[in-house]
1. Which residues, taken from segment 1-30, are open to solvent by 70 Å² or more (accessible area, probe 1.4 Å), part of a helix (DSSP H, G or I) and farther than 19 Å from H85 by Cα?
2. Only one of (1) surrounded by fewer than 18 Cβ atoms within 10 Å (Cβ to Cβ); (2) without any contact (Cβ under 8 Å) to a residue 60 or more places away in the chain is not met by L131, so which one is it?
3. Please work out if T45 is in a loop (DSSP other than H, G, I, E, B), of a type in the set (S, T, Y), open to solvent by less than 70 Å² (accessible area, probe 1.4 Å) and under 26 Å from P149 (Cβ atoms).
4. Collect the residues in segment 65-122 that are surrounded by fewer than 16 Cβ atoms within 10 Å (Cβ to Cβ), closer than 16 Å to V139 by Cα and not polar (S, T, N, Q), keeping them in residue-number order.
5. Kindly check whether there is at least one residue in segment 91-102 that is on the phi < 0 side of the Ramachandran plot, touching a residue at least 12 places away in the same chain (Cβ under 8 Å), in a helix (DSSP H, G or I) and within 19 Å of the chain's Cα centre (by Cα).
6. Checking the structure you have, find out if any residue of segment 31-38 is out of contact with any strand residue (DSSP E or B) (no Cβ under 7 Å at 6 or more places or on another chain), among the aromatic types (F, W, Y), at negative phi and surrounded by fewer than 19 Cβ atoms within 10 Å (Cβ to Cβ).
7. Among the candidates L17, L76, L49, L8, which residue alone is hydrophobic (A, V, I, L, M, F, W, C) and over 23 Å from R130 (Cα atoms)?
8. Could you figure out which of (1) modelled with pLDDT of 95 or more; (2) open to solvent by 50 Å² or more (accessible area, probe 1.4 Å); (3) not basic (K, R) isn't true of V139?
Amino acid sequence: MKKVAWGLLAAWIVHDLEELATMPSFSRQPDLPSFVRTSRSEAATAIGLTGVAMAAASAVGAATGGRSKFFQASLLGFGLHAGTHIAQSVVLRRYTPGLVTTPLVVIPFSVWAWRRLKAEGVPVAPSDRRLNVALAAVVPVSHAIARLPRLRRRVLTWNNGPRMSE
């Protein structure tokens with residue numbers, strides 16, 4: 001089961017390297033809303049923070065033979081997030097970061113991993129709503145943390161900007 005557990009991290013790395021390589025230039029497209037815009041450093045920070053969670057899930061998965069709720073929920077989330085990449089590209093009618101590795105890495109790895117777990121007799125851990133919500137928040141929270149320096153600059157600029165006379 002170590003191949004499945006560490007395979008999750010490897011598949012995530014391949015997928016997120018595509019995102020890191022393409023997110024900054026994609027986000028500079030003028031017709032996208034400003035909240036989509038992400039610098040290379042912001043993308044790297046968010047991806048790195050998410051990577052900590054994926055590495056932890058993989059380590060726990062390896063240590064428990066794939067039986068951990070945390071590992072299984074992370075594996076499920078990784079597979080299901082393929083739908084967001086496809087949906088984004090359909091809605092925007094163009095390439096979006098992560099689209100190439102979604103059908104080449106994310107979906108095939110996820111299907112293979114679940115089949116391997118089943119073939120090895122690893123029971124599916126019961127769902128834990130709080131864990132699922134926490135894991136679903138990892139990516140948005142990582143992006144929010146990555147944007148803190150930009151927010152801080154805006155606040156400082158706003159606080160030090162022109163002032164009206166009293």
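The values are calculated or read from the model by the stated rules, or taken from the named source; none is laboratory data. Remember, it's a predicted structure, so these values are computed and weren't measured experimentally. We place every Cβ from the backbone using ideal geometry, glycine too, and count neighbours over all the protein chains shown. Quick note on the areas: whole protein, heavy atoms, side chains included, nothing else; ligands and nucleic acids left out. Shrake-Rupley method; radii C 1.70, N 1.55, O 1.52, S 1.80 Å.
1. Passing the criteria: K2, K3, W6.
2. (2)
3. Values: in a loop (DSSP other than H, G, I, E, B): no; of a type in the set (S, T, Y): yes; open to solvent by less than 70 Å² (accessible area, probe 1.4 Å): yes; under 26 Å from P149 (Cβ atoms): yes.
No.
4. Residues satisfying the conditions are L80, G83.
5. Yes - at least one qualifying residue is present in segment 91-102.
6. First, pick out the residues of segment 31-38 that are out of contact with any strand residue (DSSP E or B) (no Cβ under 7 Å at 6 or more places or on another chain): 31-38.
When the remaining residues are screened for being among the aromatic types (F, W, Y), the result is 35.
Keeping just the survivors that are at negative phi gives 35.
After this cut, where a residue has to be surrounded by fewer than 19 Cβ atoms within 10 Å (Cβ to Cβ) as well, the list is 35.
Yes - at least one qualifying residue is present in segment 31-38.
7. Working: L76 fails: over 23 Å from R130 (Cα atoms); L49 fails: over 23 Å from R130 (Cα atoms); L8 fails: over 23 Å from R130 (Cα atoms).
Sole residue among the options that is hydrophobic (A, V, I, L, M, F, W, C) and over 23 Å from R130 (Cα atoms): L17.
8. If we test V139 against (1) modelled with pLDDT of 95 or more; (2) open to solvent by 50 Å² or more (accessible area, probe 1.4 Å); (3) not basic (K, R), just (1) comes out false.
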